[in-house]
Amino acid sequence: MRLKIIAAALSAMSAMAGPAAADPGRVLLYNWSGYIAPDTAGRFQDATGKRLVLDTYGEADEAEARLLARGTGYDLAVVSSETVGRLVEAGAIRQIGLSGIPNAAAIDQQLMQLYLDATPQAEGYTLPYLWGTTGIAYDRSAVLERLPDAPLDSWALVFDPANASKLADCGITIVDSVEEVVAAALAYLGLDPQSRSEQDIEAAFGVLSAIAPYVRAFDVDQYDALLGGEVCLAVTWSTDGLAPLLEQGTDRYHYAMPREGTNLWADLFVIPSDAGDLEASDQLMDFMLAPEMMAAAARFTNAISSVSFPEAGAGEPGFDSPAAALPLDARGRLYLLPARSGAEKRLLDRRWRLLQIGM
């Protein structure tokens, strides 16, 4: 879930304007913008003789809609974990056979099982690419200046209106992802973050409505705001929240996985139902899941690799932090989003947009 766009780094990959005709000499990948190491295309071509062509998107809903519409021409896509159940139910993606993907054997099975427990219908249809969390990035000095007793490890830091009001002047942003933010509000309230109860959802929106006047923006691209010091608090993806530490080596911003519960998300490989070359789909998945490629992807995106590699983080500041490495003792407070139906998602979207315009 990383939206840093580096045009020069991706120039080796030819962006697609729309579906392309099948070509045995190329493989078509649909992925988040800036969410692949820049030398991946060249290394793939060297290894296979095939050209990797990349098409990108900026919001999870965009990718979901594109795959539901069919006719994409993609051999492989990377999508957000919360969308996979709906894609399976709509018949928009194929099952994945593992015989042609030997590198899948090294996938972290504990994290994968956590995902399948939340979305059982996804079993057999997906493999994880990168993992991350949705937590709070905050400028420690700016926050403590305004809130000397700030609850730095709690969702109360932002969801308590008394706190949000005091931080509004230095800037609060919230990631534009309704399912993740509603789940966080439920966790703050001590409710099940996977709840489908109308009463619970209403309570979560009550929390969000109370702090909305103090929020500067609901945004999917918080990376620049954090690196530029434009805000003092962001409810954000760990890929953006960890950027100041991992990319600049500065501890100005801290990233917290709140004690009440923190969303674990995954960006996962899926094969569109209309993919024409399943051998190419497997070949690309296996290539990208190779330990050296996953190491490059994790470092480039600040995400957590789906496979282990022994040299992970060696000598690199911050890569041994719990949020970046996600050790076993940090996993107990993680939850995944439930597999909501299309109708449930549409209702949440409507409430979310009304919240953002102050209604």
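The values are calculated or read from the model by the stated rules, or taken from the named source; none is laboratory data. On a predicted model such as this, the values are computed, not experimentally measured, just so you know. Every residue, glycine as well, gets a Cβ built from its backbone with ideal geometry; the counts of neighbours run over all protein chains shown. Heads up: the accessible areas ignore ligands, DNA and RNA and are worked out on the full protein's heavy atoms, side chains in. Shrake-Rupley method; radii C 1.70, N 1.55, O 1.52, S 1.80 Å.
Below is a table of values for the structure above.
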quantity	calculated
Residues satisfying the stated conditions in segment 184-194, i.e. in contact (Cβ under 8 Å) with a residue 12 or more places away in the chain and either more than 15 Å from G206 (Cβ to Cβ) or not in a helix (DSSP H, G or I) (or both)	L189, G190, L191, P193, Q194
Residue within segment 134-147 that is small (G, A, S), closer than 21 Å to R340 by Cβ and touching a strand residue (DSSP E or B) at 6+ places or on another chain (Cβ under 8 Å) present	no
Close pairs (8 angstrom Cβ cut-off, 6 or more residues apart or separate chains): at positive phi in segment 76-94, open to solvent by 10 Å² or more (accessible area, probe 1.4 Å) and among the small types (G, A, S) anywhere	G91/S273
Among residues of segment 29-56, those that are more than 20 Å from N302 (Cα to Cα), of a type in the set (D, E, K, R) and either touching a residue at least 60 places away in the same chain (Cβ under 8 Å) or surrounded by fewer than 18 Cβ atoms within 10 Å (Cβ to Cβ) (or both), counted	4
Long-range neighbours under 8 Å by Cβ, at least six apart or interchain, first residue more than 10 Å from T173 (Cα to Cα) and touching a residue at least 12 places away in the same chain (Cβ under 8 Å) within segment 209-237, second assigned to a strand (DSSP E or B) and of a type in the set (D, E)	G229/D139
Boolean, A204 is under 30 Å from F300 (Cβ atoms) and buried (at least 16 other Cβ atoms within 10 Å of the Cβ)	no
For E260: the one exception among (1) in a loop (DSSP other than H, G, I, E, B); (2) at pLDDT below 95	(2)
Any hit, segment 137-148, residues being at pLDDT 95 or above, of a type in the set (D, E, K, R), within 30 Å of A168 (Cα to Cα) and in a strand (DSSP E or B)	yes
Where Q109 falls short, out of the listed (1) at pLDDT below 95; (2) closer than 23 Å to G241 by Cα	(2)
Helices (runs of 4 or more DSSP H) contained entirely in segment 57-129, each with at least 1 residues that are basic (K, R) and either over 27 Å from D221 (Cβ atoms) or open to solvent by less than 30 Å² (accessible area, probe 1.4 Å) (or both)	81-89
Subset tally (residues that are part of a loop (DSSP other than H, G, I, E, B) and either within 20 Å of R351 (Cα to Cα) or at pLDDT below 95 (or both)) for segment 161-183	2
Scope segment 279-296; condition farther than 24 Å from I93 by Cα and among the hydrophobic types (A, V, I, L, M, F, W, C); matching residues	M293, A295, A296
Helices (runs of 4 or more DSSP H) contained in segment 196-244 and holding at least 2 residues out of contact with any Gly (no Cβ under 8 Å at 6 or more places or on another chain)	198-211, 223-227
Cross-chain or 6+ apart pairs with Cβ under 8 Å, segment 137-164 first and more than 20 Å from T239 (Cα to Cα) and without any contact (Cβ under 8 Å) to a residue 12 or more places away in the chain, then in a loop (DSSP other than H, G, I, E, B) and of a type in the set (A, V, I, L, M, F, W, C)	L144/A150
Where T133 falls short, out of the listed (1) free of Cβ contacts under 8 Å to residues at least 24 places away in the same chain; (2) open to solvent by less than 10 Å² (accessible area, probe 1.4 Å)	(1)
Exclusive hit being more than 25 Å from the chain's Cα centre (by Cα) and of a type in the set (A, V, I, L, M), set A187, A150	A150
